[in-house]
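The values are calculated or read from the model by the stated rules, or taken from the named source; none is laboratory data. Because the structure is a prediction, the values reported are computed rather than measured. So basically every Cβ, Gly included, is an ideal-geometry build from the backbone, and we count neighbours across all protein chains shown.
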């Protein structure tokens, strides 16, 4: 797979998404500059994606060389903006996902994998990792999920035990993006196993590392570099601790709060691409003496697809804006957290519907291996699960409604 079909074979298919949304009041001049520049760069990139791990490395290298990974870290550590900016992340992910979901993945994991270091790292930890992440010289990973602890983070079983001179890690992490690819893993483990979520701490685990086995790759519906990590007496120095002892749960949630609206944006990028593909196909495909686009049923379907995209987009941009208005060193306000949950839920669910409609509109071509809409159909499915499944977002929203009602 080469970043979908490159170069684009159809003159009526835009090489980048429409950027009219950047005129909305959620964005400022820095965002309005980022969108067109990244879109112009992305369309020139030709990456062979048949090997997802090699392609991910290639995308990280290219994104770093192009200066785009600077949006994953703050300016003090080599970044482009004063602090991690959710709106910039949203624009970048929407733009990249339109071009290639794997490019979006490579970008997103640099931010998510290093985000906890941005929030809680010491000066030495930040210097050791963040500038290299921004240049694409280190690949980052975020190791939270376990076989029996996905949505239920408090159920973590990986243990971090104090030993002379540092810590010892034992346990298993799974569904870890950039597993067996990353240069370091921000890893969450129980340091006080009897206190649930209040007994979790975070650690920076460099790779390779004695006692860390990352070789168990996880094949997916849409290939992405994921793996299971096994810690067996993995020794870490004292300065591997990230943030406060037993402060890992709050740190993980603060990190996810920054990036959750950007998951919605990735879904938007894929949905926008599906709509563009559907429009191009409808204009080309002839039947019964006219094009598919001439049928009123087709026109109604395209209108529905656009409305679904716009609904998700407005919620996503609002969520990112609310997060960026919040104090940088405080937990996200309840209304902003609920807005992020709503954006993630609506944008990913709507994108699934849009892409399904695009596949249906393509008829038999839609399920042919190698077609862009077929690839999108497989890529979108995971977004309704990771970083908080739709059902978890519904629970967050329900609790927010009850809290607002007193």
**Subset of the stretch 322-333 that is part of a helix (DSSP H, G or I) and in contact with a helix residue (DSSP H, G or I) (Cβ under 6 Å, 6 or more places away or on another chain) - its residue that is surrounded by the most Cβ atoms within 10 Å (Cβ to Cβ)** = 323
**Request:** Starting from the stretch 66-84, take each residue that is under 16 Å from residue 257 (Cα atoms) and list its partners that are surrounded by fewer than 16 Cβ atoms within 10 Å (Cβ to Cβ) and modelled with pLDDT under 95, counting only C-beta distances under 7 angstrom and pairs at least six apart or across chains.
**Result:** 83/328
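For (1) assigned by TED's automatic domain parsing to the domain that holds residue 189; (2) touching a strand residue (DSSP E or B) at 6+ places or on another chain (Cβ under 8 Å); (3) under 30 Å from residue 371 (Cα atoms), each residue gets a yes or a no:
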{"site": "55", "(1), (2), (3)": "no, yes, yes"}
{"site": "61", "(1), (2), (3)": "no, no, yes"}
{"site": "86", "(1), (2), (3)": "no, no, no"}
{"site": "100", "(1), (2), (3)": "no, no, yes"}
{"site": "104", "(1), (2), (3)": "no, no, yes"}
{"site": "119", "(1), (2), (3)": "no, no, no"}
{"site": "124", "(1), (2), (3)": "no, no, no"}
{"site": "132", "(1), (2), (3)": "no, no, no"}
**Item:** Number of the condition not met by residue 256 [criteria: (1) surrounded by 14 or more Cβ atoms within 10 Å (Cβ to Cβ); (2) over 19 Å from the mean Cα position of the chain (by Cα)]
**Value:** (2)
**Asked** Going through the stretch 110-165 one residue at a time, which ones are in a strand (DSSP E or B) and surrounded by 17 or more Cβ atoms within 10 Å (Cβ to Cβ)?
**Response** 140, 141, 142, 143, 146, 149, 160
**Item:** Lone qualifier among 171, 66, 78 - being surrounded by fewer than 24 Cβ atoms within 10 Å (Cβ to Cβ), closer than 26 Å to residue 29 by Cα and more than 20 Å from the chain's Cα centre (by Cα)
**Value:** 78
**Message:** Among the residues that make up the stretch 258-281, is at least one of them more than 30 Å from residue 360 (Cα to Cα) and not assigned by TED's automatic domain parsing to the domain that holds residue 103?
**Reply:** yes
**Request:** Taking only the stretch 334-368 into account, find how many residues are out of contact with any helix residue (DSSP H, G or I) (no Cβ under 9 Å at 6 or more places or on another chain) and not in a helix (DSSP H, G or I).
**Result:** 0
